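Read through the structure below, which is laid out as structure tokens, and then see the notes.
The values are calculated or read from the model by the stated rules, or taken from the named source; none is laboratory data. The model shown is predicted, which means the values in this text are computed figures rather than measured ones. Backbone-built Cβ (ideal geometry, glycine too); neighbour counts: all protein chains shown. Ligands, DNA and RNA are excluded from the accessible area calculation, which covers all protein heavy atoms including side chains. Shrake-Rupley method; radii C 1.70, N 1.55, O 1.52, S 1.80 Å.
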Amino acid sequence: VKAGVYDFKGLSEHRDLASLALRLVIYQVHRFSARVSRKLHRTFLAIDESWALLDTAVTASSPAPLFIASAVRMGRKSGMSVIGLSQVIEDFARSAYGAAILGNSATKFVGIPGGEGIEGLRKHLQLTDRQLQHVKRLARTPGYHEFLLIQGETSHVVRVPLDPFSRWVFTTSAQDRERLATLAEQQPKLPLLDRIRLLAREG
């Protein structure tokens with residue numbers, strides 16, 4: 001598995017630079033997916049905090065909606081799957097591209113309802129009564145999180161195990177972030193990946 005990460009947080013106050021950077025990423029992602037597709041490998045494009053690209057304040061002429069539209073429409077031609085991540089379904093539903101994204105998503109993972117509650121999920125994903133009951137009973141433990149997996153007309157509750165390394169890679173906990181920051185101060189020359197591995201070993 002080869003992974004690449006693009007972080008635009010530092011460009012949030014420089015819209016012109018962010019626009020240019022995002023267009024370059026669009027080009028690079030499609031180029032990469034086309035190349036590995038010829039070797040019969042797939043590309044998964046994971047977009048974390050999708051609201052930032054789907055925000056209603058973003059105009060249709062900006063590169064953010066272009067990025068979403070280009071990735072979804074052209075990705076399948078080069079063997080690429082797009083994974084959009086967000087904490088609330090409204091992030092997708094309220095945007096100009098949201099309905100198309102939800103309607104064309106072959107697979108959906110639904111976790112424990114966020115601020116919009118169960119009603120928002122029912123409305124925008126057209127969940128059945130049975131699926132609603134499954135969502136209400138989803139569990140979260142230190143060892144795994146449960147999700148409702150929806151594929152077309154079929155749905156199942158699945159458990160996603162949480163190993164120590166993945167926890168420290170994906171954590172958004174303020175306490176975990178504080179431990180990472182403390183370790184960085186204590187060992188400033190230690191690369192981030194090694195800091196994550198160290199914390200994963202400590203538990």
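Kindly sort HIS14, HIS134 by accessible area of their heavy atoms, largest first, with the probe set to 1.4 Å. Kindly include the intermediate steps, with their values, before the conclusion.
Working: HIS14 95, HIS134 40 Å².
Result, largest first: HIS14, HIS134.
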Taking amide hydrogens as modeled 1.01 Å from N in the peptide plane, which residues meet the under 5 Å criterion relative to ILE83, leaving out close sequence neighbours?
LEU45, ALA46, ILE47
Using Cα positions and a limit of under 24 Å, work out the lysines in reach of LYS9, with same-chain residues fewer than 8 apart set aside.
LYS189
When the Karplus curve 6.51 cos²θ - 1.76 cosθ + 1.60 is applied with θ = phi - 60°, which whole-Hz ³J(HN,Hα) does each residue of segment 121-135 get, with x for Gly and Pro?
5, 4, 5, 7, 9, 6, 6, 7, 4, 5, 5, 4, 5, 4, 5
Summing +1 per Lys or Arg and -1 per Asp or Glu among the other residues with Cβ less than 12 Å from ALA18's Cβ gives 0
What are the ³J(HN,Hα) values, in whole Hz, obtained from phi via the Karplus relation 6.51 cos²θ - 1.76 cosθ + 1.60 with θ = phi - 60°, for each residue of segment 195-200 in sequence order, with x given for Gly and Pro?
5, 5, 5, 5, 5, 5
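Once you list every other residue whose beta carbon is under 10 Å from the beta carbon of PRO164, what net charge do they have if Lys and Arg are +1 and Asp and Glu are -1?
Numbers: positive: ARG167, ARG197, ARG201; negative: ASP163, GLU202.
Spelling it out: positives minus negatives among the neighbours equals +1.
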Using the Cα centre of segment 151-191 as the reference point, and only Cβ charges (+1 on K/R, -1 on D/E), how large is the resulting charge dipole? Debye, rounded to the nearest 20.
120 debye
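In the P(r) worked out for segment 122-199, what percent of Cα pairs fall beyond 16 Å?
Working: 1867 of 3003 pairs.
Value for segment 122-199: 62 percent of Cα pairs lie more than 16 Å apart.
Quick one: net charge of GLN186's neighbours, Cβ under 14 Å, K/R +1, D/E -1? Mind showing how you got there, number by number?
Working: positive: ARG179, LYS189, ARG195; negative: GLU178, GLU185, ASP194, GLU202.
Combined, the nearby Lys, Arg, Asp and Glu give -1.
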Dividing the mean separation of Cα pairs under 8 Å (6+ apart) by the residue count of segment 136-203 yields a relative contact order in percent of 24 percent
Eligible lysines near LYS136 by straight Cα distance, threshold 22 Å, same-chain separation 8 or greater:
LYS108, LYS123
